[in-house]
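The values are calculated or read from the model by the stated rules, or taken from the named source; none is laboratory data. All values reported here derive from a predicted model rather than from experimental measurement. In this analysis, Cβ positions are derived from the backbone assuming ideal geometry, glycine residues included, and neighbour counts consider all displayed protein chains. All accessible areas refer to the heavy atoms of the entire protein, side chains included, with ligands and DNA or RNA removed. Shrake-Rupley method; radii C 1.70, N 1.55, O 1.52, S 1.80 Å.
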Amino acid sequence: MGYFAQAQPLPLAKERAVTYIFSQVSQMRELISANNLHKSFAGLHAVKGVTLQVNSGEVVGFLGPNGAGKTTTMRMLTGFLDPSEGSVLLDGFSLADDPLAAQKTFGYLPEGAPAYPEMTVRDYLQFIARARGIPRREIAGKIGEVAGRMHLRGVLDQVIETLSKGFKRRVGIAQAIIHDPPILIMDEPTDGLDPNQKHEVRELIRAMGSTKAIVLSTHILEEVEAVCTRAVVIASGRVVFDGTPEEFELLAPASVTRNRMDYVFRQLTATAAEVTL
Amino acid sequence: MSPWQVIFRREFRAYFATPLAAVFLVVFLFMSGVFSFSMGGLFERGQADLRSFFQFVPWLFLFLAPALSMRLWAEERRLGTIEVLTTLPIPLWHAVVGKFLAAWFFSLVALALTAPLWITVSWLGDPDQGVIVAGYIGSAMVAGIFLAIGGFVSALTKNQVIAFVVTIVACFLVLLSGFPLVLNFFRDWMSLGAVEAIASVSVLTHFNSLMRGVVELRDVVYFASGICALMVATTFVVDWRKSA
């Protein structure tokens, strides 16, 4: 195998003990630590000092108007973009100093769920699994597992370009979770899904959220309420709110009785836009 | 499997997932036949060698290698899959080398399919096998340097047509840099040393010495170092422009 170090199997009793200790420790483990991230593109200061700490067991909903810097921030969390300033630690590994170790800790669903259109779903997942260093004998099992979870069994041998938008999105999520990473970063995971599929993906995220640190971006405020333990609102490149969905809703005055989250969202993002003008 | 092998496998199979592989192989074999027999006069020369085939190989690859290399990075950028690829825990140079080797290996397959020509001349006469082997080595080297140039250009754009055209122009200049056509352009305003340096990177000069059957270290070093330098440059360009 050479390149990827492989863990030796532990005796069963010991393995259980280790798993138990890990599960206890993981409850307070800080998995994502982004400090004062800035990003400038030729003349445009897109992200202006985003700081974000995410522990295991947290599902963070990343909210903000289009162009607020959500995707840019997520790209900096995964190392696709290098921040102009600031640093990212993923499960203790510095993305700048030890990118390979840091990139092993997460699964990533980029915006638009890109995948190679000419490949079958099975080949694509196999490619990702191999590239992530999953041992050869475990790959078929892992593919079966994620295909079951994402309801992809029926299309495993179909070419990706022939799939519907919903299936493509699920292939993107399957690709991100195949190695069971402690960190999941997903840019609009439910975009393009029908209400049933949305519900299923939310259930899945909620189930995984108890052990992982998950960051997902969305436009749908109800989604934050449904799956997230924490909401982070970003507007014009700055974090303007960081708290639980309940706290977020409570920012609306009592006189607002309907669409309270929408109201708060508009207030927060409108004021931020005015400040920068 | 090492990461570069994982990338190599995917890329090599990707050629066969579209009609590109079939079109490439058919065009390559058809054109090499046309050139060797009609223009090169394989039979009329009455010589048992493959000179009439090899002399056209650089010109064939000039147009066909860019067709293989144009998609390497431009397509990743257009599809957005570069975001998946570059956030996988693999060193970027593994991806660059894996992609290049996939394209190169494909061109070696195309060259191997010209073996019937070799078998024919061996059957009809008694060719100098060493010269033919050297000619194949030279052909593989030319394909390698063109594909390395193509991969580099492909990393600069997300438009495959631009990658194709720019690669042809770049390969043409490198191919002929030892010839008056290119050198006269530089001669007026560059020092003699600089002009000689440009002349020494001519692919055709090095290919011709290989085609004569002389495998010189100088020529092999030339091709190998050129390919390596382009791999390094491509790695930097991909990293620099991956999100652009």
Tell me, please, whether a residue that is in contact (Cβ under 8 Å) with a residue 12 or more places away in the chain, in a helix (DSSP H, G or I) and among the aliphatic types (A, V, I, L, M) can be found in the range B:186-194. no
In the range A:31-70, anything open to solvent by less than 30 Å² (accessible area, probe 1.4 Å), of a type in the set (Ser, Thr, Tyr) and either part of a strand (DSSP E or B) or within 13 Å of another protein chain (Cβ to nearest Cβ) (or both) is listed as A:33
At pLDDT 60 or above, open to solvent by less than 60 Å² (accessible area, probe 1.4 Å), out of contact with any strand residue (DSSP E or B) (no Cβ under 7 Å at 6 or more places or on another chain) and within 22 Å of residue A:89 (Cα to Cα) - does that describe any residue in the range A:11-20? no
Looking at the range A:66-75, can you tell me whether even one residue there is touching a helix residue (DSSP H, G or I) at 6+ places or on another chain (Cβ under 6 Å) and either within 20 Å of residue A:209 (Cα to Cα) or at pLDDT 95 or above (or both)? no
Is it fair to say residue A:96 is in contact (Cβ under 8 Å) with a residue 24 or more places away in the chain, more than 13 Å from residue A:185 (Cα to Cα), touching a helix residue (DSSP H, G or I) at 6+ places or on another chain (Cβ under 9 Å) and part of a loop (DSSP other than H, G, I, E, B)? no
Kindly indicate whether any position in the range A:207-225 is touching a residue at least 40 places away in the same chain (Cβ under 8 Å), acidic (Asp, Glu) and away from chain B (no Cβ under 13 Å). yes
Would you say residue B:137 is closer than 26 Å to residue B:27 by Cβ and open to solvent by 40 Å² or more (accessible area, probe 1.4 Å)? yes
Residues that are within 14 Å of the chain's Cα centre (by Cα) and aliphatic (A, V, I, L, M): which strands (runs of 3 or more DSSP E) entirely in the range A:180-277 hold 2 or more of them? A:183-187, A:213-217, A:230-235
Among the candidates B:220, B:215, single out the residue that is open to solvent by 20 Å² or more (accessible area, probe 1.4 Å), of a type in the set (A, V, I, L, M, F, W, C) and part of a helix (DSSP H, G or I). B:220
Conditions first: (1) in the same structural domain as residue A:220 (by TED's automatic domain parsing); (2) not in a helix (DSSP H, G or I). Residue A:133 passes all but one, so which condition is the exception? (1)
Which of the residues spanning the range A:100-123 are out of contact with any helix residue (DSSP H, G or I) (no Cβ under 9 Å at 6 or more places or on another chain) and open to solvent by 40 Å² or more (accessible area, probe 1.4 Å)? A:100, A:104
Every residue from the range B:10-31 that is part of a helix (DSSP H, G or I) and facing chain A (nearest Cβ under 8 Å): B:10, B:13, B:14, B:17
Looking only at the range A:71-91, which residues are away from chain B (no Cβ under 14 Å) and among the acidic types (Asp, Glu)? A:85
Among the candidates B:226, B:213, single out the residue that is at positive phi and touching a residue at least 12 places away in the same chain (Cβ under 8 Å). B:213
So if I check each of B:124, B:108, B:113, which one is open to solvent by 10 Å² or more (accessible area, probe 1.4 Å), farther than 22 Å from residue B:146 by Cα and away from chain A (no Cβ under 14 Å)? B:124
Looking at residue B:224, is it more than 20 Å from residue B:64 (Cα to Cα) and modelled with pLDDT under 95? yes
Right, residue B:208: more than 14 Å from chain A (Cβ to nearest Cβ), of a type in the set (S, T, N, Q) and under 26 Å from residue A:80 (Cα atoms) or not? no
If residue B:156 satisfies all but one of (1) modelled with pLDDT under 90; (2) open to solvent by 10 Å² or more (accessible area, probe 1.4 Å); (3) within 30 Å of residue B:241 (Cα to Cα), what's the number of the condition it fails? (1)
I'd like the residue in the range B:68-89 that is under 22 Å from residue A:106 (Cα atoms), open to solvent by 10 Å² or more (accessible area, probe 1.4 Å) and outside any helix (DSSP H, G or I) and, out of all such residues, is nearest to the other protein chains (Cβ to nearest Cβ). B:80
Here are the criteria: (1) within 20 Å of residue B:87 (Cα to Cα); (2) within 12 Å of chain B (Cβ to nearest Cβ); (3) surrounded by fewer than 17 Cβ atoms within 10 Å (Cβ to Cβ). Tell me which single one residue A:94 does not satisfy. (2)
Out of curiosity, is residue A:25 within 23 Å of residue A:205 (Cα to Cα) and modelled with pLDDT of 95 or more? no
Being closer than 25 Å to residue A:78 by Cα, outside the structural domain of residue A:72 (by TED's automatic domain parsing) and free of Cβ contacts under 8 Å to residues at least 60 places away in the same chain: is that true of residue A:173 here? no
Anything in the range A:124-175 that is at the interface with chain B (Cβ under 10 Å from one of its Cβ atoms), hydrophobic (A, V, I, L, M, F, W, C) and surrounded by fewer than 18 Cβ atoms within 10 Å (Cβ to Cβ)? List them, or say none. A:159
Residues that are open to solvent by less than 30 Å² (accessible area, probe 1.4 Å), under 16 Å from the mean Cα position of the chain (by Cα) and away from chain A (no Cβ under 14 Å): does the range B:35-50 have at least one? no
